[in-house]
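Peer 1: Dropping a structure here in structure tokens format, bear with me for questions.
The values are calculated or read from the model by the stated rules, or taken from the named source; none is laboratory data. Bear in mind the structure is a predicted one, so any value in this text is a computation, not a measurement. All Cβ positions, even for glycine, are placed from backbone atoms using ideal geometry, and neighbour counts span all protein chains on display.
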């Protein structure tokens, strides 16, 4: 499912227009992104937890040449599914 399909499902299920559904989805994604940028967690009960994990700098190898390269430290977004989502997928 892509974003446009998600918007269509949301509009159909909630009885709102696709334009309103687009604004709602965009606002949700902007809110999650903004919280993660600040380093905050976003917990949605029954769905899951969005968080940020710090990855330290490390040394790697270029698979093509075998040369050593430095991989800089970074922050990675993570998602941990909640019990309700896991049960819905498995049930």
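Peer 1: Do we find that residue 52 is touching a strand residue (DSSP E or B) at 6+ places or on another chain (Cβ under 8 Å) and within 20 Å of residue 88 (Cβ to Cβ) in this structure?
Peer 2: Against the criterion (touching a strand residue (DSSP E or B) at 6+ places or on another chain (Cβ under 8 Å) and within 20 Å of residue 88 (Cβ to Cβ)), residue 52 does not qualify.
Peer 1: Would you check which residues across region 1-17 are farther than 27 Å from residue 87 by Cα and either surrounded by 13 or more Cβ atoms within 10 Å (Cβ to Cβ) or in contact with a strand residue (DSSP E or B) (Cβ under 6 Å, 6 or more places away or on another chain) (or both) and list them?
Peer 2: Looking only at region 1-17, we keep the residues that are farther than 27 Å from residue 87 by Cα, and these are 16-17.
Selection gives 16 alone.
Peer 1: Also, I was wondering about something else. Residues being assigned to a strand (DSSP E or B) and more than 17 Å from residue 29 (Cβ to Cβ): count how many of those fall in region 39-60.
Peer 2: Number satisfying all stated conditions: 6.
Peer 1: Being part of a strand (DSSP E or B), within 17 Å of the chain's Cα centre (by Cα), at pLDDT 95 or above and surrounded by fewer than 12 Cβ atoms within 10 Å (Cβ to Cβ) is the requirement here; does residue 27 meet it? I'd like the intermediate steps shown before the answer.
Peer 2: Details: part of a strand (DSSP E or B): no; within 17 Å of the chain's Cα centre (by Cα): yes; at pLDDT 95 or above: yes; surrounded by fewer than 12 Cβ atoms within 10 Å (Cβ to Cβ): yes.
Considered against the rule, which asks whether it is part of a strand (DSSP E or B), within 17 Å of the chain's Cα centre (by Cα), at pLDDT 95 or above and surrounded by fewer than 12 Cβ atoms within 10 Å (Cβ to Cβ), residue 27 comes out as no.
Peer 1: Let me ask something else about it. Can you tell me how many residues in region 30-49 are surrounded by fewer than 15 Cβ atoms within 10 Å (Cβ to Cβ), more than 10 Å from the chain's Cα centre (by Cα), at pLDDT 95 or above and farther than 20 Å from residue 89 by Cβ?
Peer 2: So the count comes out to 7.
Peer 1: Filter region 61-91 for residues that are without any contact (Cβ under 8 Å) to a residue 40 or more places away in the chain, within 30 Å of residue 46 (Cα to Cα) and part of a strand (DSSP E or B) and give the result. Spell out how you get there, then give the answer.
Peer 2: Of the residues in region 61-91, the ones without any contact (Cβ under 8 Å) to a residue 40 or more places away in the chain are 61-76, 78-91.
Narrowing further to those that are within 30 Å of residue 46 (Cα to Cα): 74-76, 78-91.
Of everything in region 61-91, those that are without any contact (Cβ under 8 Å) to a residue 40 or more places away in the chain, within 30 Å of residue 46 (Cα to Cα) and part of a strand (DSSP E or B) turn out to be 74, 75, 76, 78, 79, 80, 81.
Peer 1: Hey, can you tell me all the residues within region 30-43 that are out of contact with any helix residue (DSSP H, G or I) (no Cβ under 9 Å at 6 or more places or on another chain) and under 24 Å from residue 84 (Cα atoms)?
Peer 2: The first filter runs over region 30-43 and keeps only residues out of contact with any helix residue (DSSP H, G or I) (no Cβ under 9 Å at 6 or more places or on another chain), leaving 30-39, 43.
Across region 30-43, the qualifying residues are 30, 31, 32, 33, 35, 36, 43.
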